[in-house]
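Written below as structure tokens is the structure these notes are about.
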Amino acid sequence: MPADAKPAAKPAHGGTLSLALDFGPLLVFFLTYKGAGWLMGAGNPITAMTFGTAAFMAAIVIAVILSKVKLGRVSPMLWLSALLILFFGGLTIYFHDQSFIQLKPTIIYSFFALMLFAGLLRGKPLLKYLLQAAYDGLSETGWLKLSRNWALFFVAMAIANELMRRSMSFDSWLAVKVWGVTIVSIVFAAANIPMLMRHGLTLGDSLDSDEVGETTPPQG
């Protein structure tokens, strides 16, 4: 290598921003729905749902644009989440039926679980390509184990979402979705870090949120 040659730049981490872009639209939905319900009264939930869903759809479009501008890429996970939010959000507004927006997480989680399991059957860690994340030093075995763990997690999340949407009021479901599911996802991502370090992952000066933020599932 020539003396003045520079090593190829590693893909930039964007875990904190990735997590914010993923959680942000859901938080916008929650706050808009609650705010509209408060302003219009509890007797008009459909109108509050319409405002909340419309804000959700606008926020996910903004998230995609910011991801492209700030990170230089939009992960397949974010693309799919955005498309499903726009599709099911449109159905929710058109039919005035909140069950469409509740069904969307089940479809997202099921789709990614099937994708990851299909990759594992072929010996390929598809999570590496779905996330488009850079994990310094992580071996192929580490990627395979991470893909397996998240595939199982996605299955659990799909089942949990179905149980919640069938047994809870919409308000309760939304509160658990925004706060409970997000916290569980972050904790699960962090719990994988020791395993990844045993398979070559190198961290910076501290356990930064990039490693956790880039491995959380779509929250939309």
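The values are calculated or read from the model by the stated rules, or taken from the named source; none is laboratory data. Predicted, not measured: the structure shown is a model, and the values here were computed from it. Cβ coordinates were reconstructed from backbone atoms using ideal geometry, including for glycine residues, and neighbour counts include every protein chain displayed. For accessibility, only protein heavy atoms count, side chains too; no ligands or nucleic acids. Shrake-Rupley method; radii C 1.70, N 1.55, O 1.52, S 1.80 Å.
Per residue, the average separation of C-alpha pairs within less than 8 Å and at least 6 apart gives the stretch 66-182 a relative contact order of 26 percent. As a calculated quantity, the FRET efficiency between I183 and E162 at R0 = 22 Å, using C-beta atoms, amounts to about 0.65.
Could you tell me which of the pairs K34/K104; K104/K128; K34/K128 are separated by over 26 angstrom between their Cα atoms in the structure shown? Flagged as over cut-off: K34/K128. Ordered from longest to shortest, the equivalent ellipsoid semi-axes for the stretch 14-108 are 25, 15, 9 Å, each the square root of 5 times a Cα gyration tensor eigenvalue.
Legend: calculated FRET efficiency, I193 to L31, from the Cβ-Cβ distance at R0 = 41 Å, rounded to 0.05, equals 0.85. Placing dummy labels 7 Å off each Cα toward the beta-carbon, the span from L114 to S172 is 3.0 nm. Across the stretch 43-163, Cα-Cα distances exceeding 24 Å account for 39% of all pairs. Put F117, F23 in order of accessible area, highest first, and with a 1.4 Å probe you get F117, F23. Rolling a 1.4 Å probe across all protein chains gives V187 an accessible area of roughly 90 Å². A simple count of charges around M115, restricted to other residues whose Cβ falls under 15 Å of its Cβ and scoring Lys, Arg +1 and Asp, Glu -1, yields +4.
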